[in-house]
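Everything below concerns the one structure shown next.
The values are calculated or read from the model by the stated rules, or taken from the named source; none is laboratory data. If you're wondering where the values come from, they're calculated on a predicted model, not measured in any experiment. Heads up, the Cβs are rebuilt from the backbone with ideal geometry, glycines too, and the neighbour counts pull from every protein chain shown. Heavy atoms of the whole protein, side chains included, go into the accessibility calculation; ligands, DNA and RNA do not. Shrake-Rupley method; radii C 1.70, N 1.55, O 1.52, S 1.80 Å.
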Amino acid sequence: MDDYSLVGALIVGLMGAGHCIGMCGGLVGALSANLPKQQAGNALVNQLGYLLSYNSGRIISYTLAGALVGASTSALGLMFNADIYLLVLRIFAGVMMIITGLYIAQIWAGVVQIEKLGKGLWRLISPIANRFIPIKNRGHAFIAGSLWGWLPCGLVYSMLTWSVAAGNAVDGALIMLAFGIGTLPALLSAGIAASSFSRLVQNKAVRIISGLALIAFGVQTLYIAIAQLS
C-alpha cells in the first residue's frame, strides 16, 4: 500500500466533518447531554472520557470493516492473475479517490448515494444500538459507538472501496483506521460544543484545496496503473 493512501484517508476523515456531524453529530450531542451526573469540577473530563469511549468503538468498527473487505479481496486475488488483479484494484482506488475528492471539494456529491447500500444491515443493527441510549457508563458508550459505526454513510462506504483496493486485511484495516482518526476532531468538537474546527473544515477554500489534493492522489494512482499497461 502507498503511504499517500493513508494520507488521503486521513484527509477524507478531517474534511468530511460536515457530513460526519450531520450523520453522527446529533447522536453525539444527545450522548453528551444525557451522561451520568458527576461532580461539577469533573464534568468536562467526564464528558471527554465518554466521547472518547464512544468514538473508540466507532473507529474500531471502521477498522474491522476495512480488514474484512481487504481480506475478501485478498482471497479473490488467489483466484485470478495477480498482476491483472492488482492493476484493476489500483484503477478502482484511483477512480474512488477522484470521486471522493469531488465530494470534499463540494463539486459533486454522488458518493453519498451509496449510503442506500447499507440500509438493510442498519435495520438489523439499530434496535440493538438503541438499547444503549441513554448511556449509563463508559462501557455502554464504547458498545454504542461500535454499533453506530455501522450506520450507513457514503464517506465510510467510499473509504471501504479503498480498503477493497488495498487487497489485503492489514492495509484495508489501516486505511479505515486513518479515516476514523481523521473524523475524531469533528465529532469530539460536536460533543463538547466546540465549533472552531468545524468552521475551519467547512471553509470553502480549505475544502477545495483538500478535494483537489485527493483528486491529485487519484490521478497519480491512475497514471501509475496506465503506465503499467504500456
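Restricting attention to region 191-213, the residues that are open to solvent by less than 30 Å² (accessible area, probe 1.4 Å) and modelled with pLDDT under 85 add up to 5. Hey, which of the helices (runs of 4 or more DSSP H) in region 95-181, taking only ones fully inside, have at least 2 residues that are open to solvent by less than 20 Å² (accessible area, probe 1.4 Å) and more than 18 Å from Ser56 (Cα to Cα)? Counting at least 2 such residues, we get 154-166. For first residues located in region 211-225 and farther than 13 Å from Val7 by Cα and part of a helix (DSSP H, G or I), partners that are at pLDDT below 85 and of a type in the set (Phe, Trp, Tyr) and lie 6+ apart or on another chain with Cβ distances below 8 Å form the pairs Gln220/Tyr4.
Residues checked against (1) closer than 24 Å to Phe92 by Cβ; (2) out of contact with any Lys or Arg (no Cβ under 7 Å at 6 or more places or on another chain):
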{"position": "Gln113", "(1), (2)": "yes, yes"}
{"position": "Gly120", "(1), (2)": "yes, yes"}
{"position": "Ile125", "(1), (2)": "no, yes"}
{"position": "Gly139", "(1), (2)": "no, yes"}
{"position": "Ala144", "(1), (2)": "no, yes"}
{"position": "Trp148", "(1), (2)": "no, no"}
{"position": "Val164", "(1), (2)": "yes, yes"}
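When Ile84, Ile91 are checked against the criterion of being open to solvent by 40 Å² or more (accessible area, probe 1.4 Å) and touching a residue at least 40 places away in the same chain (Cβ under 8 Å), Ile91 stands alone in meeting it.
All conditions in (1) over 30 Å from Ile215 (Cα atoms); (2) at pLDDT 85 or above; (3) touching a helix residue (DSSP H, G or I) at 6+ places or on another chain (Cβ under 8 Å); (4) not hydroxyl-bearing (Ser, Thr, Tyr) hold for Phe132, with the sole exception of (2).
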